[in-house]
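Notes to accompany the following structure.
The values are calculated or read from the model by the stated rules, or taken from the named source; none is laboratory data. Fair warning: this is a prediction, and the values are worked out from it, not measured in the lab. All Cβ positions, even for glycine, are placed from backbone atoms using ideal geometry, and neighbour counts span all protein chains on display. SASA here: full protein model, heavy atoms, side chains in, ligands and nucleic acids out. Shrake-Rupley method; radii C 1.70, N 1.55, O 1.52, S 1.80 Å.
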Amino acid sequence: MDRDDLILISVDDHIIEPPDMFVNHLPEKYKAEAPQLVHRDDGTDVWKFRETVIPNAALNAVAGRPKTEYGLEPQGLDEIRPGCYDVDERVKDMNAGGILASMNFPSFPGFAARLFATEDADFSLALVRAYNDWHIDEWCGAHPGRFIPMALPVIWDAEACADEVRRVAAKG
């Protein structure tokens with residue numbers, strides 16, 4: 001496909017975060033406490049962070065399905081179109097749909113990373129930074145020019161939030 005054939009820019013898309021998203025970006029001392037994607041016996045995949053369990057947001061993963069099939073399914077990665085959680089497959093889907101660029105909202109941590117607000121400010125900040133680094137460096141960085149990076153804020157601390165905005169802006 002020729003890049004000039006791609007004319008749409010989508011600014012309302014979601015990512016179903018892949019299970020390994022924290023592996024390369026969270027400091028070693030926090031990895032054991034990081035959110036984990038857990039596969040349940042009933043076939044569903046859920047994100048677990050401490051006592052909080054977050055199912056896959058099904059309506060964030062209905063790409064490729066007719067509107068008559070929109071509902072609370074799918075719930076497991078094996079039922080979800082790979083382009084929802086695999087960046088290379090996402091670009092193939094974008095090409096098929098004539099999408100030049102896309103802005104991808106987070107799913108499990110929420111738009112404002114409220115899930116990451118813990119009693120440990122350093123751990124909370126490490127989670128936000130790890131998510132932002134994964135999103136910018138791995139997801140968006142895998143196909144430069146195809147994604148509009150979106151960073152999570154540090155909503156519980158105005159100064160830390162401003163610092164994180166400056167940090168991710170410096171990434172370009």
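Tabulated values for the structure
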quantity	calculated
Segment 4-45 - Rg over Rh from alpha carbon coordinates, Kirkwood radius	1.19
Kirkwood hydrodynamic radius of the chain, from inverse mean 1/r over distinct Cα pairs, in Å	16.9
CD proxy at 222 nm, helix term only [per DSSP H run n ≥ 4: -39500 (n - 2.57); per residue of the chain; nearest 500]	-6500 deg cm²/dmol
Nearest-20 debye value, the chain charge dipole, Cβ charges on Lys, Arg, Asp, Glu	260
Inter-label distance for residue 142 and residue 95, nm, one decimal - labels placed 7 Å from Cα along Cα-to-Cβ	1.4
Exposure rank, largest accessible area first [23, 53; 1.4 Å]	23, 53
Estimated FRET transfer efficiency when R0 is 35 angstrom, pair residue 112-residue 42 (beta carbons, to 0.05)	0.70
Within segment 10-49, backbone nitrogen closer than 13 Å to the virtual label 7 Å beyond the Cα of residue 78 toward Cβ	39-45
Contour excess over end-to-end distance, with Cα ends at residue 121 and residue 23 and 0.36 nm allotted per residue	33.3 nm
